[in-house]
Amino acid sequence: MAGRRLYGLMAEFDTPEALLYAARAAREEGYRKFDAYSPFGIEGLAEAVGFPKTRLPVLVFFGGLFGCCGGFFMQWWANVIGYPLNIGGKPYDSWPAFIPITFELTILCAALTTVIGMIALNGLPAPYHPAFNVPRFALASRDHFFLLIEAEDPKFDPKETQEFLEALHAQEVSEVEA
């Protein structure tokens, strides 16, 4: 292995049930840095892999709060400070008239924060991943299922991890170069 870095070990499975079983077994065995690849969603796989909680809801809340405050302030400033007009004897800062635009800007800013935050937190765009170095990984988008245990995992040992993956009845276990 001189001259190349190991990113991890990838096991290939035939069925979604085998992948789900392997992911649960890897979690129970103590592995924490691993990922599963499937051509379609598998019920329970996210829990088996143990995806961490996301900060996206907090970002969306603050994005919506910014839109709400910004929309209200924008209208208040325009009607009270920037260009006050007395229309029908109503006060300049008649807040019920500000609600539709305030609501719309709240939704707009929350939606934009959701999209931008999702892209940023997922690390997108990601045109390259070391898993692409495995020739059979192209089947992950068609009809095969893969489990990748990363070398950065504290429990990772090349020999023991390979034996563990083979014990799960993987079709093939491949080294993934970084």
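Taking segment 160-178 as the range and being surrounded by 13 or more Cβ atoms within 10 Å (Cβ to Cβ), part of a loop (DSSP other than H, G, I, E, B) and small (G, A, S) as the test, only A170 passes.
Within segment 12-33, one or more residues are touching an Asp or Glu at 6+ places or on another chain (Cβ under 8 Å) and assigned to a strand (DSSP E or B).
Take I149 and decide whether it is part of a strand (DSSP E or B) and of a type in the set (A, V, I, L, M). Break it down stepwise before answering.
Details: part of a strand (DSSP E or B): yes; of a type in the set (A, V, I, L, M): yes.
Answer is yes for this residue.
Taking the criterion of being closer than 21 Å to W76 by Cβ and among the β-branched types (V, I, T), the residues of segment 88-120 that qualify are I99, I101, T102, T106, I107. Pairs are defined by a Cβ separation below 6 Å, a sequence spacing of at least 6 or placement on different chains, a first member in segment 37-51 that is aromatic (F, W, Y), and a second member that is crowded, with 17+ Cβ neighbours inside 10 Å and not in a loop (DSSP other than H, G, I, E, B); the pairs so defined are Y37/A140; Y37/F146. When you look at P100, is it surrounded by fewer than 12 Cβ atoms within 10 Å (Cβ to Cβ) and farther than 23 Å from L121 by Cβ, yes or no? Against the criterion (surrounded by fewer than 12 Cβ atoms within 10 Å (Cβ to Cβ) and farther than 23 Å from L121 by Cβ), P100 qualifies. Quick check: is even one residue across segment 151-159 among the charged types (D, E, K, R), surrounded by 13 or more Cβ atoms within 10 Å (Cβ to Cβ), at pLDDT 90 or above and within 13 Å of L6 (Cα to Cα)? Yes, the conditions are met somewhere in segment 151-159. Return the total of residues in segment 54-69 being touching a Ser or Thr at 6+ places or on another chain (Cβ under 6 Å), of a type outside the set (A, V, I, L, M, F, W, C) and more than 20 Å from I101 (Cβ to Cβ). So the count comes out to 0.
Of all residues in segment 5-39, those that are among the basic types (K, R) and over 16 Å from F156 (Cβ atoms) total 1.
One residue stands out among those in segment 47-73 that are touching a Leu at 6+ places or on another chain (Cβ under 8 Å) and assigned to a loop (DSSP other than H, G, I, E, B): the one that is modelled with the highest pLDDT, which is R55.
Kindly indicate whether any position in segment 82-103 is under 19 Å from the mean Cα position of the chain (by Cα), outside the structural domain of R27 (by TED's automatic domain parsing) and part of a helix (DSSP H, G or I). I'd like the intermediate steps shown before the answer.
Keep residues of segment 82-103 that are under 19 Å from the mean Cα position of the chain (by Cα), which gives none.
Looking for residues that are under 19 Å from the mean Cα position of the chain (by Cα), outside the structural domain of R27 (by TED's automatic domain parsing) and part of a helix (DSSP H, G or I), one finds none in segment 82-103, hence no.
Taken together, the residues in segment 108-146 that are polar (S, T, N, Q) and in a loop (DSSP other than H, G, I, E, B) amount to 1.
The values are calculated or read from the model by the stated rules, or taken from the named source; none is laboratory data. Keep in mind that this is a model prediction, so the values were computed, not measured. A quick note on method: Cβ atoms are made from the backbone with ideal geometry, for glycine too, and the neighbour counts reach across all protein chains shown.
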